[in-house]
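This report refers to the structure that appears directly beneath it.
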Amino acid sequence: MVEVKAASDEPTRLAEIIHPLFADQARGWSSRLDNGSSTRLLAGVPAQDDCAVFGLLGDQELVLGSDYVRGPKFQLYELGHLNEYDIGYYLAIANFSDIAAMGAHPIALLSVIRYPKNMPDDVFSQVIEGVRDACASVGAPNVGGDIGTAERLILSASAMGVVEPGRSLRRNGARPGDLLYITGPTGIAAAAQLYFSKIVSTGATRLDGMEEELIGAWKRPKALVRHGRCLSRSGVVTSCQDSSDGLKAGIQTIATLSGVGFLVEEDTLPIADVVAEVAKLGGADPVGMVLGDSVDFQLVFTVAAAAQSRLEEELTAGGLPFHRIGVATEDRAVMLRRLDGLLEDLPGVEWRHST
């Protein structure tokens, strides 16, 4: 057996770490869309070519997206709650969530992993294994990309998917009267940051029974591919995007691109118990936490009121949760109706990418 050095060079890592982890791709991978179109992996990581090769048969549209994560600059990583495996896992899911939001079937991930020269092989392996396992969770392979050294750990990726012609979900199709939905509770990732970075450090009462749920939002996020495919198949969804920039930002983006407003009802917003508990401990507004910049990877979408029953029946039949939280309005304001009936701007701080 070849002894792997503590910090191998790039060719050694490629040969002794990456290729063994992805050797099963040599047996081939394939998928099929509802219209019979198929995608087949012809050359992936084991082929050691410059690029991966797919065979596309039938009528289908290609969906592409890219996302970057901050390597070890995650606040919860710096506090010791996440490791390199978790960051690799997160990278893949952040990209596949965008594919899910388009209603597409994921077919591949290309990952860029840059690391400091002194990073031990076992730590490097954790990153790669996290990426691989997240890909497996959505049934799509990591077919290659780039590895090499840098001043710190830098992670980026591009995800690919396919969808039936005309069935990709866009952000600009909502119309006045359309109903607004979210697939599940938001605010959990933000609650985790508040809890572990501020509440616990001050010695406040710990939520021992809920800590796993909180950190799980960062350690094992989910790309809601089944939801996205159901929404696409329905043919009645008028707009969709994921909530990776927060629910408020998602609603506002759909409103802006569609030329509508939204009225969100507080009493219909799903608020997870753990979010309510953290908000209570931190003196925060749970509604603001639910709507704010929390990367929960839920899907926010709209559907014409006439198709409401049909879509809800299809989601229910698939065992896919959903929550109707508001309605699109002709007035372009995006408002929240509180429990007492008062109207106000949506609370919470939406994510804005810094320049």
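The values are calculated or read from the model by the stated rules, or taken from the named source; none is laboratory data. Worth saying up front: this structure is predicted, and the values here are computed from it rather than measured. As a convention, Cβ positions derive from the backbone with ideal geometry for all residues, glycine included, and neighbour counts pool all protein chains shown. Only protein heavy atoms, including side chains, enter the accessible area calculation; ligands, DNA and RNA are left aside. Shrake-Rupley method; radii C 1.70, N 1.55, O 1.52, S 1.80 Å.
If only residues of the stretch 162-187 that are in a strand (DSSP E or B) and closer than 15 Å to VAL225 by Cα are counted, the one that is nearest to the chain's Cα centre (by Cα) is ILE182.
Taken as a whole, the condition of being at pLDDT 95 or above and either part of a helix (DSSP H, G or I) or among the polar types (S, T, N, Q) (or both) applies to ALA92. Output the residue which, of all residues in the stretch 283-335 that are of a type in the set (A, V, I, L, M) and without any contact (Cβ under 8 Å) to a residue 12 or more places away in the chain, is farthest from ALA190 (Cα to Cα). The extreme case among them is ALA306.
The number of residues in the stretch 38-53 that are out of contact with any Leu (no Cβ under 6 Å at 6 or more places or on another chain), of a type outside the set (A, V, I, L, M) and crowded, with 19+ Cβ neighbours inside 10 Å comes to 1.
ALA255 fulfils the conditions (1) within 20 Å of PHE297 (Cβ to Cβ); (2) open to solvent by less than 10 Å² (accessible area, probe 1.4 Å); (3) in contact (Cβ under 8 Å) with a residue 60 or more places away in the chain except for a single criterion, (1). Scanning the stretch 48-89 for residues being farther than 21 Å from ASP34 by Cβ and either among the aromatic types (Phe, Trp, Tyr) or assigned to a loop (DSSP other than H, G, I, E, B) (or both) gives a total of 16. Inside the stretch 125-144, residues that are touching a Phe, Trp or Tyr at 6+ places or on another chain (Cβ under 8 Å), over 19 Å from GLN48 (Cα atoms) and either modelled with pLDDT under 95 or not in a helix (DSSP H, G or I) (or both) make up a count of 0.
Within the stretch 154-173, being more than 24 Å from ALA305 (Cβ to Cβ) and either open to solvent by 10 Å² or more (accessible area, probe 1.4 Å) or among the hydroxyl-bearing types (Ser, Thr, Tyr) (or both) holds for ILE154, SER156, SER158, MET160, GLU164, PRO165. Taken over the stretch 27-47, the residue count meeting the criterion of being closer than 21 Å to ALA104 by Cβ and either of a type in the set (A, V, I, L, M, F, W, C) or in a helix (DSSP H, G or I) (or both) is 4.
Conditions (1) of a type outside the set (Ser, Thr, Tyr); (2) surrounded by fewer than 24 Cβ atoms within 10 Å (Cβ to Cβ); (3) more than 16 Å from ILE154 (Cβ to Cβ), marked per residue:
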{"residue": "ASN95", "(1), (2), (3)": "yes, no, no"}
{"residue": "ILE99", "(1), (2), (3)": "yes, no, yes"}
{"residue": "PRO106", "(1), (2), (3)": "yes, no, yes"}
{"residue": "VAL112", "(1), (2), (3)": "yes, yes, no"}
{"residue": "ILE128", "(1), (2), (3)": "yes, yes, no"}
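Scanning the stretch 154-210 for residues that are within 30 Å of ALA52 (Cα to Cα) and among the acidic types (Asp, Glu) gives a single hit, GLU164. What number of residues in the stretch 174-188 are under 26 Å from PHE74 (Cα atoms) and surrounded by fewer than 24 Cβ atoms within 10 Å (Cβ to Cβ)? Number of matching residues: 2.
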